[in-house]
1. Give me log10 I(q)/I(0) at q = 0.16 Å⁻¹ for region 28-105, Debye formula, one equal scatterer per alpha-carbon, no solvent.
2. Consider a paramagnetic label point 7 Å from the Cα of L110 along Cα→Cβ; state which residues of region 55-98 have an amide N under 13 Å from it.
3. Take A91 and Q67, extend 7 Å from each Cα along the Cα→Cβ direction, and tell me the distance between the two endpoints in nm.
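The numbers here are math on the coordinates, done by the rules we state, and not lab data. A quick note: this is a predicted structure, and the numbers were derived from the prediction, not measured. With ideal geometry, Cβ positions are generated from the backbone for all residues, glycine too; neighbour counts draw on all protein chains shown.
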Amino acid sequence: MKQLIPLLLVSWLVAGTSPASAQTTPGSGSPAQPCAAYTGRVAANEKPLAGVSVSVKGTNIILITNQEGFFALPPKVTQLPTLSVNAAGYAPQELTLTSCMPVVIEMQLLPGTRIKKHGKRKGFIMNAGY
């Protein structure tokens with residue numbers, strides 16, 4: 001047993017890894033530990049979109065973006081999630097988060113959709129019905 005311990009230490013030194021650095025990080029295969037939080041922002045033409053539905057596929061988690069377009073997934077999401085992002089008048093998007101970094105999701109207007117710029121309901125989305 002005494003000879004086995006030095007052999008293991010030599011093999012770690014030769015391989016260039018230590019037991020503490022052997023964990024993988026998100027984005028480099030399967031993560032050893034989940035992210036502490038998954039956050040992001042939804043925008044259109046680089047302007048924040050409020051009220052966008054962000055759901056986690058395979059769960060019953062559905063979030064709505066705040067006035068600045070931000071969302072944060074609850075801590076119970078443990079693996080790299082796939083998000084489904086939907087907003088009225090915009091093309092739906094689906095993406096899988098591959099890292100713990102905050103994500104920016106850029107939405108695209110659907111053809112035939114216009115945003116009313118004047119009147120009582122500023123920014124109201126209408127379908128032109130072409």
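1. Log10 of I(q)/I(0), two decimals: -0.55.
2. Inside the label zone: 86-93.
3. My value for the distance between the label points is 3.1 nm.
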